[in-house]
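Chemist: I have a structure I would like to understand better, so I am pasting it below and will then ask my questions one at a time.
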Amino acid sequence: MTRTHHVLSEAELQGFRDVQRLAYRCAETIAAEIVPGMTEREVAGRMKDFLLSEGADDCFHQPFAWFGDRTAFRGFIGFKHLGGFNPAFYPSNRKLEENMPFILDCAPTRGAYTADIGYCGVVGENRALDKLMDDLMEYRFLIVDLVRQRKTMAEVSQAVDRLCEKHGYEPRHK
């Protein structure tokens, strides 16, 4: 099978850059507003309101927020009898506590362009998250290097899984 690659124009690249900036601006703005006692649903709703008020036409998926142990995505695998759907994946009434990590995920669409980002943080301090963030640079370099080598997504995923194992992490995105 021969792979073909569409080379994006500068205007197309700018469209993707703009919507990605919107996604990160949303995550950073909402993260700065998060306080203990807020629920995942409340935070996800604020993200959606922000995106729509800032020019998103729609979302590839609804914004998500996960707090504490839910950031590990244990038990979030889709149920076959529900067509891959798992209600545990969606924002819950879990309330954020001091020093609890969080993940914000949004995928705004504007015109023909979509970006899908994840953003993590903590209100307070969390040593486990600090270590993860320190390790993250190694993953970023690995992924970019493998993509530049034109490795398949399966090869990239397998390499990331091996690095997770080296660091003692359990990969969640399969």
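The values are calculated or read from the model by the stated rules, or taken from the named source; none is laboratory data. As the structure is a prediction and not an experimental result, all values here were calculated from the model. Because the Cβ atoms are built from the backbone with ideal geometry, glycine has one as well, and the counts that use them run over all protein chains shown. When the accessible area is computed, the model is the full protein with side chains, heavy atoms only, and any ligands, DNA or RNA have been set aside. Shrake-Rupley method; radii C 1.70, N 1.55, O 1.52, S 1.80 Å.
Chemist: Under the Karplus relation 6.51 cos²θ - 1.76 cosθ + 1.60, θ = phi - 60°, what is the ordered set of whole-Hz ³J(HN,Hα) values for region 56-72, x standing for Gly and Pro?
Modeler: For region 56-72, the Karplus curve yields 5, 7, 6, 9, 4, 9, 4, x, 10, 9, 10, 10, x, 5, 5, 5, 7 Hz.
Chemist: Further question: When a/c is below 1.5 the answer is rounded, else prolate if a/b is larger than b/c, else oblate, so apply that to region 132-174 with a ≥ b ≥ c taken from the square roots of the Cα gyration tensor eigenvalues.
Modeler: oblate
Chemist: Amide H of Cys59: which non-local residues (sequence gap of 5 or more, or other chain) have their own amide H closer than 5 Å, using H built in the peptide plane?
Modeler: Those lying under 5 Å, H to H, from Cys59 are Thr109.
Chemist: Order the following by accessible area, largest value first: Lys48, Lys166. Probe radius 1.4 Å; ligands, DNA and RNA are ignored.
Modeler: Lys166, Lys48
Chemist: What figure in square angstrom, to the nearest 10, would you give for the accessible area of Asp116 with a 1.4 Å probe?
Modeler: Rounded to the nearest 10, the figure is 90 Å².
Chemist: Mark the label point 7 Å from the Cα of Arg162 along Cα→Cβ and return the residues of region 109-146 whose backbone N is within less than 18 Å of it.
Modeler: Zone members listed by number: 138-146.
Chemist: Distance between the C-alpha centers of region 1-73 and region 89-125? Whole Å please.
Modeler: Each part reduced to its Cα centre gives a spacing of 8 Å.
Chemist: Hey, can you grab everything whose amide H is under 5 Å from the amide H of Met38? Only 5+ residues off in sequence or another chain; H modelled, so Pro and N-termini drop out.
Modeler: Leu96
Chemist: In what sequence, largest accessible area first, do Phe67, Phe50 appear using a 1.4 Å probe?
Modeler: Phe50, Phe67
Chemist: Ignoring everything except DSSP H segments at least 4 long, calculate the 222 nm mean residue ellipticity for the chain; use -39,500 (n - 2.57) per segment, divide by total residues, nearest 500.
Modeler: Here the helix-only value at 222 nm equals -14500 deg cm²/dmol.
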